[in-house]
Structures are given as C-alpha cells and as structure tokens.
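The values are calculated or read from the model by the stated rules, or taken from the named source; none is laboratory data. Please read these numbers as outputs of a predicted model, since none were measured by experiment. Because the Cβ atoms are built from the backbone with ideal geometry, glycine has one as well, and the counts that use them run over all protein chains shown.
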2 protein chains.
Amino acid sequence: MRLRDLGEFELIERIARRAARLPSTRDVVLSIGDDAAVLRPRPGEDLVVTTDAAVENVHFRWDRASPRVIGRRALVANLSDLAAMGARPLGCVASLVAPGELELGRVDGLMDGILAEARLHACPLVGGNLSRGGETSLAITAFGACRRGAALTRRGARAGDRILVTGSLGASALALARAERVGAPIRRVPRPRLVAGRALARLPGVGACIDVSDGLEADLAHLLAGRGLRAELDTRHLPLPRGFRAACEELGLDPAALASAGGEDYELLFTLRPGTPSERHLSKRLGVRVTQLGRVVKGARGSLPPRGWRHF
Amino acid sequence: MRLRDLGEFELIERIARRAARLPSTRDVVLSIGDDAAVLRPRPGEDLVVTTDAAVENVHFRWDRASPRVIGRRALVANLSDLAAMGARPLGCVASLVAPGELELGRVDGLMDGILAEARLHACPLVGGNLSRGGETSLAITAFGACRRGAALTRRGARAGDRILVTGSLGASALALARAERVGAPIRRVPRPRLVAGRALARLPGVGACIDVSDGLEADLAHLLAGRGLRAELDTRHLPLPRGFRAACEELGLDPAALASAGGEDYELLFTLRPGTPSERHLSKRLGVRVTQLGRVVKGARGSLPPRGWRHF
C-alpha cells in the first residue's frame, strides 16, 4: 500500500490513533485534531523551542537505516537541543512531506520511530502536518520548559573555564563510515542527554553548553569563535566508545580524528568555571560519564598548539 | 547568486540579521543563534502550537507568485491557526529545505515575506533550520498564548447554534482560478484574523471555531461531522468580496460554488449559542464584518435539504 492510497484525513487519523496510545502528560491540554495544540507549562517556567529537519538523501537514506531508526533519530536531534538548554520536553509537532508513491509501511515506520522516542522521553506528539512532495522530508519542532531564566546557552564561556563532555564521541561517525564502506545498516540511535542537561542547569558555575551535533571541533567553535577564545584540548582524553579503536583500525580510520570531527553524537559539550566539582562528582550528578577535555584560553583560533595539545 | 554559493552558517547569519531588524517583543528571551529559542509566556497563559508547510509545485509555484508573497502566505497559514484558537502570537520557527541551485534572491524573498508578516502581527522569527533538498519546502511552526483554559476549539458546536463567518469568502479561490486560467500572478495575501479571534475568545457563548483553510464546506464538516450534527445554510447569505460576481462571470465560474468550496480564505468560521449578540454588534466587537450563514441542526450529513437551503 502506498501513501496515495490513503486520504490526508485517514492518514492523520491513523497517526493520531498511534499517538494517542502514548501515556498522557499533564503538560498537554489539547493534542492532535484541532487547528493547534494547547500546552500548559508550569508557573515560573520559560518555553524552549527548537526545530530540525531530516531530508531524504541528505540526512538519511532508505537503504541505510530502517524507517523506524530514521524517525527516532529525527526526534532525537530535537530532544538533544532541548537537553543542551537544560529543558524538560513538553511535546513536539512533525511536518512530513512525502511522495504519493511512498510505501505506507515507511510512513508507519517513521511515525513509530518518532512515537517510540516520544514515549521514552515523555515528549508527546501533539500535532503535525502532511504534504505531498517529490522527496521525503521530516521537519520536527520540539518544545520544552525550564526554570525561568535558567536555560543553558552557547554564550557564557570564559577564559579559564574547564571544557567537558558527557558520554563518548565517535559512535555515530563510525556507524556512518561502516554504512558507506561496507554497507552495514545504521542501527544506532544516540541518546539525548535530557537528564544530564537538566542536572547541569541546576549546577552553579556553568559557562556555556551545546550538544555535539556538527562534531566536537565545529561545536567548540560555536562556543568560542568570535569571543577571543580558543580551546586547549588534550586529545588523549577524548572519551571513545568501547571497541572503537579496533573498529576504526579495521576500516583504516584514525580514531581521534573520527571522534573529534564526526557529528550526531548528541553528547553535551559544556564549560565550567575553575574550582567546580571533579569529573567523578559531575558524572554522579549528571547520571552519565563526564570527561574533561581541556580548558578555554584567550586568543584567536589558529595559534600554534603546544606539543601534545590540539587547538581548534 | 545561488544558495550553494553561501555556506549554511553564512546563510543563517544573513537571515538572523534580517530577523533582528524586527522590533523585539517582551515574550522573547533568546532568539536565533543558540540550540533553541527561549520564550516567556505570561503567568496564567496556555501555549498554543501549530505547524504548516508550503511545498513547491503543491502549495505554490515560483511562476505564479513572488517569493515574498509565497513567504507571507506560508506564515499567514500558521497565524490563522493561532487566530482560530483565540491566541496571540509569541513567535515562529521556519524550516527551509531548498536545492543548492535555488537563486539566493528567492530565498531572500521567502524570508522577507515571512518577516514582513512577522512584523505585522508581532510574531518574531526566533529560530529555524536550513537543509539541502531536491525541491523547496518551507515548514513553519508558530506559537501563541491564550488565557489559561480559554483556547477556542473545533469541538463544542451544539444543535441550535448560529453559524457565522468573518470577512468574505472566495477571494483566494478566485485568485488561484485566475492564475490557472489566464496566468495572472497571485498577489493576494489573506489577513489572519488574530484580533477577531482574541475578541471571540473573550465572548460568552462561543461553541466551536475553525479557520477556513480547506474551504467552507470542508471546514464546516470538521466542526460537525461525527457529532450527529449538520449545517443548515442559506447560501444567499455567503459574504462575497467586492467585484467577486463580475470576476467569476468573466471566467465562467459559479460565485457561490467558488466561495463555498475554495480554501485559503483564512476567515474564522464559528458557532455561537442562540441569543448571542447580533451580526452588527459582533462585527463591532470582532473588528471585522461578521455574517450569519445559518445554524447547526441535529442529523447526519446527506439528509434532504429544504428548498433554498444547502446542506453539507
């Protein structure tokens, strides 16, 4: 069965029925089926909004990942932005553009993937839009809430700040390299660091925070470039996934390069003022391993790195 | 110059600069440039969320309207949904998918159109996303706020309710027919009925409300179908735009059919309990002409209409 075999309203009905199976949250007053959804943040909360799109043959390929994994990853990209702001999810809307000849099973898979992540992170799908188009694209907008004035931002790094990252880096880039080189399907779905982000927002001494979506180097530049700051990193400290070095060697790839340039790991990269708690203490507070990569120093990008250090 | 001649970050910079020229509102805490935007609804307000997409060759054609008109219409479709909920706009995000060979002038035009409507209705563009793709599509998500529990909805129509509509119907369908038949460019940008929607939300005795995006017949069905209700309308009462009959005759079109089936007029269609104020009084309260089209009666769609009445 193809998408075109169902009318727009039947398809919305179909998706709404699946979405309604999710446990309700007290943030949602009115969900799919009206001109708009109604959400109710708690008193004293700010609203956090982010949007991200997954486009066929640009961000995903049908032959490289299942529709369910593609759908999950699409929502994760948004949830990760909420995590980087220290927000809790309130809900999301999805705008799907797809050709009439798309198999209905793929649409179901995409939606099931979105709904699976929505359930995992209490981020109900409260609305959306369906349109015909020549290629498939999925634009998701997610909303979250955080304590008034307490959102983490990309601004706020200072010279002397420690640079830290949650979890490990490189797994997404490795999965992509494997898909490209040996045709291995991408099964990995990164975990948005929502719990860690919220814990971080409560921590004194946070400078700046971003999620690693473009890759460590690029995302560090988002925090430091244009502020007269640069990073002094010890790449020996890069937290790599288990078995990562061996897998890289098999493919003839440089582990450190892959881990520092590859994107879509969705770990949180943040700076803390000097004198803030130890990595061990932070790991406990954030519920995930935290690794210090280096520190923020004054100076423009491109200055000569001392031996053993890498500058971005 | 083509889209591909600019990097993603340069393009975001370019759009952010234009967006920053808009007057700021006190609802926006953090705008374009971070992982997410931060908005601050007022205490006691609910959050209203809607999303709508405009896809090349489905919702618009480059040869039928200017990029600016296409951009304006894309935001209006979203603002109209906020109006139908009785919400005031807080802000919006735009996700643009476009081919690398798209002329930069078209991207600028789209964005200028969005920003022009954003300025008109105090709905700042606070974020977005840019992606490559084979065709152009623009998914906008708009957020609004309304008094807690006071959002208008599609539910709530009852037998005996009056059926009313703001403004006039048919102008968008006529513009489209002209574009198709005589190649006249579409210049018309419907006005989202935000002021009227907010006034309606404060009015006692409102049943249901929807904006006329699919056409009067289809949108009435959204309010009544499946509830054991139908509409009894006197089509002689259809409010037509000035010069509409003559323009329809020129093209050999039936004015009443065009006005009741054509979409994208973005007027508010709503029901009021019996005994609510007169059309004249309502027009004053809502700041726009209000016309009573008929009333809600019990019964399924398809029953035989009495002479002079049309049933949907």
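Here's the yes/no breakdown for (1) modelled with pLDDT of 95 or more; (2) touching a Phe, Trp or Tyr at 6+ places or on another chain (Cβ under 9 Å):
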position: A:PRO190; (1), (2): yes, yes
position: A:ALA218; (1), (2): no, yes
position: A:ARG227; (1), (2): no, no
position: A:LEU233; (1), (2): no, yes
position: A:PRO239; (1), (2): yes, no
position: A:ALA246; (1), (2): yes, no
position: A:ALA257; (1), (2): no, no
position: A:ALA261; (1), (2): no, no
position: A:LEU272; (1), (2): yes, no
Item to check | Members of the range B:167-204 found to be β-branched (Val, Ile, Thr) and in a loop (DSSP other than H, G, I, E, B), listed by number | outcome: B:ILE186, B:VAL189
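From the list B:ARG64, B:ARG40, B:ARG17, B:ARG26, which one is touching a strand residue (DSSP E or B) at 6+ places or on another chain (Cβ under 8 Å), surrounded by fewer than 24 Cβ atoms within 10 Å (Cβ to Cβ) and over 25 Å from A:VAL55 (Cα atoms)?
On the way: B:ARG64 fails: touching a strand residue (DSSP E or B) at 6+ places or on another chain (Cβ under 8 Å); B:ARG17 fails: touching a strand residue (DSSP E or B) at 6+ places or on another chain (Cβ under 8 Å); B:ARG26 fails: touching a strand residue (DSSP E or B) at 6+ places or on another chain (Cβ under 8 Å).
Unique residue meeting the criteria: B:ARG40.
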Checklist entry - What is the residue count in the range B:1-14 for residues that are buried (at least 17 other Cβ atoms within 10 Å of the Cβ) and assigned to a loop (DSSP other than H, G, I, E, B)? => result 1
Next on the checklist: Being touching a Ser or Thr at 6+ places or on another chain (Cβ under 9 Å) and within 24 Å of A:PRO255 (Cβ to Cβ): is that true of A:SER172 here?
Outcome noted: no
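Please indicate, with yes or no, whether at least one residue in the range B:76-94 is among the β-branched types (Val, Ile, Thr) and under 29 Å from A:ARG40 (Cα atoms). Talk me through it step by step, then tell me what you get.
Step one: list which residues in the range B:76-94 are among the β-branched types (Val, Ile, Thr), which gives B:76, B:93.
Add one more test, that the residue is under 29 Å from A:ARG40 (Cα atoms), and what stays is B:76, B:93.
For the range B:76-94, residues among the β-branched types (Val, Ile, Thr) and under 29 Å from A:ARG40 (Cα atoms): present.
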Checklist entry - Are any of the residues in the range B:141-153 modelled with pLDDT of 95 or more, more than 22 Å from B:PHE270 (Cα to Cα) and either more than 9 Å from chain A (Cβ to nearest Cβ) or crowded, with 24+ Cβ neighbours inside 10 Å (or both)? => result yes
Checklist outcome for this item: Expected single match for outside the structural domain of B:GLY33 (by TED's automatic domain parsing), within 17 Å of the chain's Cα centre (by Cα), closer than 21 Å to B:ARG198 by Cβ and touching a residue at least 12 places away in the same chain (Cβ under 8 Å) among B:ARG88, B:ARG154 is B:ARG154
Checklist outcome for this item: Here the residues within the range A:127-140 that are in a strand (DSSP E or B) and within 7 Å of another protein chain (Cβ to nearest Cβ) are A:GLY127, A:GLY128, A:ASN129, A:SER131, A:ARG132, A:SER137, A:ALA139
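Checking the conditions here, which among B:THR235, B:THR271 is among the polar types (S, T, N, Q) and surrounded by fewer than 22 Cβ atoms within 10 Å (Cβ to Cβ)?
Values: B:THR271 fails: surrounded by fewer than 22 Cβ atoms within 10 Å (Cβ to Cβ).
Unique residue meeting the criteria: B:THR235.
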Next on the checklist: I'd like to verify a number: residues in the range B:1-18 that are modelled with pLDDT of 90 or more and either in contact with a Phe, Trp or Tyr (Cβ under 6 Å, 6 or more places away or on another chain) or away from chain A (no Cβ under 14 Å) (or both), how many?
Outcome noted: 6
Checklist entry - Is it the case that the range A:86-106 has a residue that's hydroxyl-bearing (Ser, Thr, Tyr), surrounded by 22 or more Cβ atoms within 10 Å (Cβ to Cβ) and touching a helix residue (DSSP H, G or I) at 6+ places or on another chain (Cβ under 8 Å)? => result no
Next on the checklist: Checking the structure you have, find out if any residue of the range A:237-254 is farther than 18 Å from A:ARG178 by Cα, within 14 Å of chain B (Cβ to nearest Cβ) and of a type outside the set (Gly, Ala, Ser).
Outcome noted: no
Next on the checklist: I'd like the residue in the range A:107-126 that is part of a loop (DSSP other than H, G, I, E, B) and under 16 Å from the mean Cα position of the chain (by Cα) and, out of all such residues, is surrounded by the most Cβ atoms within 10 Å (Cβ to Cβ).
Outcome noted: A:CYS123
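Residue by residue, here is whether (1) away from chain B (no Cβ under 14 Å); (2) among the charged types (D, E, K, R); (3) under 15 Å from A:ALA261 (Cα atoms) holds:
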| site | (1), (2), (3) |
| --- | --- |
| A:ASP161 | yes, yes, no |
| A:SER172 | yes, no, yes |
| A:LEU194 | no, no, no |
| A:SER213 | no, no, yes |
| A:LEU216 | yes, no, yes |
| A:HIS222 | no, no, yes |
| A:LEU229 | yes, no, no |
Checklist entry - How many residues does the range B:14-36 hold that are under 17 Å from B:ILE114 (Cβ atoms), of a type in the set (A, V, I, L, M, F, W, C) and in contact with a Ser or Thr (Cβ under 9 Å, 6 or more places away or on another chain)? => result 3
